[in-house]
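Only the coordinates and a few stated rules stand behind these numbers; no lab work does. The structure presented is a predicted model; accordingly, all values stated were derived computationally and were not measured. Note: ideal-geometry Cβ built from the backbone for every residue, glycine included; neighbour counts use all protein chains shown.
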Amino acid sequence: MSSLLLARNGRRAISFIGVGRRGTGALPGVHPAPRRFIIDMSYSAHFMDFKGSSIPSSMKKLVVTKLSPNFKEAVCVQTVAVPTPGDAELLIRNRFVGINASDINYSAGRYDPSVKPPFDAGFEGIGEVVGLGLSASSRYTIGDTVAYFGSGAFAEYTVVAAKEVVPVPVVKPEFLTLLVSGATAYIALKRLGDLAKGETVLVTAAAGGTGQFAVQFAKEAGCHVIGTCSSNEKAGFLKSIGCDRPINYTAEDLAKTLRKEYPQGIDVVYESVGGSVLELSVNSLANKGRLIVIGFISGYQTASGIPPFKGGTLPVKLLQKSASIRGFFLPHFFSDYRDALSSMMQMFAKGKLVCEVDCGDLAQEGRFIGLESVFRAVDYLYAGKNLGKVVVEVAPPSVSNSKL
């Protein structure tokens, strides 16, 4: 293991030589001090390998090799060397990774057109620290359990800057749901929703990864919450987390239901579907209504990534109601991120927040286990089969054979 730490990726351990060696300018009669490392490298196996978890020399990861909204076409599995953490970095053995609708926006190169393939896929992971750099060891140690939000999560091992991880008490996929899905709902509603007690809030795709949190946060704010979903099972789940009026749009006409039951309109819409649902949401706004666009999944799989939207009369509709449309993209609100995570983790610890996870137990081919199952999980999400946040179990818990 020490040779791995010394040589991998061209990194070298810092060494100290007291005096030059003989034949290289050493003073006559003065024997050079023996070469020694500032860090006692005899402990390197323990520094990099927690309780016999046996870090391998290679690992699998998912890499975007071609820009395409077709995830299977854009991404492939590659076997590469396990990376070595730098001074302020952690090496994390991923246990679970989260699936997001925006994974295919990323594989299509829509977020940063200047980034060209190949690049690593995946946004969020949770696991154990199995290696770390010297300065990172001032805050973390081998065996710590952490979660993170950053690129390259679809891998068996990921190197992450120590300042970017979030300590978690245990490696549970429920904590993973908070990193992107929960944070999006929490910050968007807090910063852009301007929720007031007694207002009516509509959450589209309410039983999904982020919708479930929007329902709960709106309810906590004292609002009447409507949630759209695609099955009676999802409607039942929505009721269980406080949704006042679940609407199964496969069994009810959404437009007619909103007009009949909410003639005064909707005060706030948390919208992630786009297209015709976005049009309906605009038409359903109340006076001074706010519509928050957090995505438009109905268009992500198309070449443009944008679903058709009839917006010719949009200025008139907004003006007539003094209404507004507000866009939300999580990376623009990182100043709110830590506080949001802290609040949500406290709520979860107190039993005041449901973090529903869907690991594919009811999927046709079974639970999402192993990195290769990310492809199935993405298809599962886009088929609208998930209830809660879609999560893939990358690896089972490590079994220690250590006698230390």
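Per-structure values
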| item | result |
| --- | --- |
| Extended-chain gain in nm, criterion 0.36 nm per residue less alpha-carbon gap, residue 219 and residue 139 | 25.1 nm |
| Fraction in percent of alpha-carbon pairs per bin - 20 Å, the chain | 25, 49, 19, 5, 1 |
| Value of D in µm² per second that Stokes-Einstein yields for segment 180-334, Kirkwood Rh from Cα pairs, at 20 °C (1.002 mPa s) | 139 |
| For 257, 228, order by how many other beta-carbon atoms lie within 10 Å, fewest first | 257, 228 |
| Contour minus Cα-Cα distance for residue 231 and residue 336 (0.36 nm per residue) | 34.4 nm |
| Distance in nm between pseudo-label sites at residue 119 and residue 302 (7 Å out along the Cβ direction from Cα) | 2.4 |
| Residues 134, 238, sorted so that the one with the fewest Cβ neighbours within 10 Å comes first | 134, 238 |
| GNM flexibility winner over the chain from 271, 279, 156 (Cα, springs under 10 Å) | 279 |
| Hits among lysines - C-alpha to C-alpha of residue 239 under 28 Å, sequence gap 8 or more where chains match | 172, 190, 197, 219, 256, 260, 288, 350, 352, 385, 389 |
| Dipole of segment 180-334, positive direction: furthest Cα of 286, 322, 225, with charges on the beta-carbon | 322 |
| Shape category assigned to segment 134-177 from the gyration tensor of Cα positions, a/c cut at 1.5 | oblate |
| For residue 335, net neighbour charge (Lys/Arg +1, Asp/Glu -1) across residues whose Cβ lies under 14 Å away | +1 |
| Using a Förster distance of 22 Å, the FRET efficiency for residue 80-residue 151 (Cβ separation, nearest 0.05) | 0.90 |
| Selected from 221, 205, 251 as most flexible by GNM, with the chain as the system and alpha-carbon contacts under 10 Å | 251 |
| Under 19 Å from the Cα of residue 66 - aspartates and glutamates, other chains or at least 8 residues apart | 103, 112, 120, 372, 379 |
| Helical mean residue ellipticity (222 nm; -39500 (n - 2.57) per DSSP H run of 4+; nearest 500) of the chain | -6000 deg cm²/dmol |
| Fluctuation leader among 87, 120, 361 - the chain, Gaussian network, Cα springs under 10 angstrom | 361 |
